[in-house]
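Here is the structure we will look at.
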Amino acid sequence: MQHLSLLSILPNFFTLGLSIYLFRRYLPFKTSVFRSFLIISLLLIPLFYYSPNYFISFLPLISVGILALYKHFPNSLVLIAWAIFLFLGNLYSGEVIKYPFDIQHSQLIFNSPEVNYNLNRHQEDALFIPYKARLIVYSQLVYVYALLTNFFDFLNLKNLYDILLLANLYPISIGLYKIFTQKQELKSIFLVSFLITMLTSGIDRSPDKFQSLYLLTPVFIYLIILGAQSINKKLYFALWILSIFILISPKI
């Protein structure tokens, strides 16, 4: 994570405030103490203390704007705009593309020496498969496997905990369950977000957990608030205390 810069983290907290306002009707208002703990958990999300370059720090605000637009006008044009924005934004955030449009080819998985070496080796050494069949089996389709492997290696529990706080993973899991089992207004946005993030982090040879998920902060807030309505409060408070303990513990 880069050193904190006030000018770059201020937009993060504007993003948080606007996201809470946008999804305020999902907030559990019945218990004020619980609501306070929930807001504090959102404030402590490590992703909000990530300090990218000045241009990138404003992209999550655009994410909030597109989500708000889709919330009121759910149509395919807004969904397409979101997909394009998220794809390019993730590549800029991950420094696969640098301003204005300088593609860093060395950072793409397609130019990975390891992947290319294994592809050529299997084409030559897999003697149990006829040579022509080898050229089909071990073709450019191998990059799809490499992309998926790269993504799922990246999207692990530790990375999610490091950027979202342990206590928030519980309501996020409930929010995900609701997304897939119930009719939710932002379901299409979430599915597009998942697919685009899978693509952009998968083609990056070394995706960074903060850079790759930075533009999705409003989506995470939506999942947390959505799931908070149905969580076990005792379990949530226990996770909250454990999260604080881990935060203040010295790093080894």
### Selection within the range 230-247 - under 14 Å from SER173 (Cα atoms) and either surrounded by fewer than 12 Cβ atoms within 10 Å (Cβ to Cβ) or free of Cβ contacts under 8 Å to residues at least 12 places away in the same chain (or both)
ASN232, LEU235
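Would you check if LEU165 is within 14 Å of the chain's Cα centre (by Cα) and under 25 Å from ARG25 (Cβ atoms)?
Numbers: within 14 Å of the chain's Cα centre (by Cα): yes; under 25 Å from ARG25 (Cβ atoms): yes.
So LEU165 fits the description; yes.
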### Query
Name the residues in the range 175-224 that are among the polar types (S, T, N, Q) and in contact with a Pro (Cβ under 6 Å, 6 or more places away or on another chain), would you?
SER201, THR217
#### Entry: Residue identified as buried (at least 17 other Cβ atoms within 10 Å of the Cβ) and touching a Lys or Arg at 6+ places or on another chain (Cβ under 7 Å) among ILE45, ILE97, ILE109
ILE109
### Top-ranked residue in the range 31-43 [being in contact with a helix residue (DSSP H, G or I) (Cβ under 7 Å, 6 or more places away or on another chain) and either modelled with pLDDT under 75 or not in a helix (DSSP H, G or I) (or both); ranked as nearest to SER243 (Cα to Cα)]
PHE37
### Message
Regarding the range 180-193, can at least one residue be identified that is of a type in the set (Val, Ile, Thr), at pLDDT 90 or above, in contact with a Ser or Thr (Cβ under 7 Å, 6 or more places away or on another chain) and within 24 Å of ILE56 (Cα to Cα)?
### Response
no
### Query
Conditions: (1) more than 28 Å from ASP208 (Cα to Cα); (2) assigned to a helix (DSSP H, G or I). PRO74 meets all but one. Number of the miss?
(2)
### Message
If GLU95 satisfies all but one of (1) in a loop (DSSP other than H, G, I, E, B); (2) at pLDDT below 80; (3) of a type outside the set (Val, Ile, Thr); (4) more than 30 Å from LYS234 (Cβ to Cβ), what's the number of the condition it fails?
### Response
(2)
### Task
Give the number of residues within the range 181-192 that are in contact (Cβ under 8 Å) with a residue 40 or more places away in the chain and either crowded, with 22+ Cβ neighbours inside 10 Å or among the aliphatic types (A, V, I, L, M) (or both).
3
### Query
Are there any pairs, at least 6 apart or on different chains, whose C-beta atoms fall under 9 Å, with the first in the range 53-74 and among the charged types (D, E, K, R) and the second assigned to a helix (DSSP H, G or I), and if so, which?
LYS71/LEU22; LYS71/ILE189
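The values are calculated or read from the model by the stated rules, or taken from the named source; none is laboratory data. Note that the coordinates shown come from a computational prediction; the quantities given were computed from them, not determined experimentally. Please note: Cβ atoms are built from the backbone with ideal geometry, for glycine as well, and neighbour counts cover all protein chains shown.
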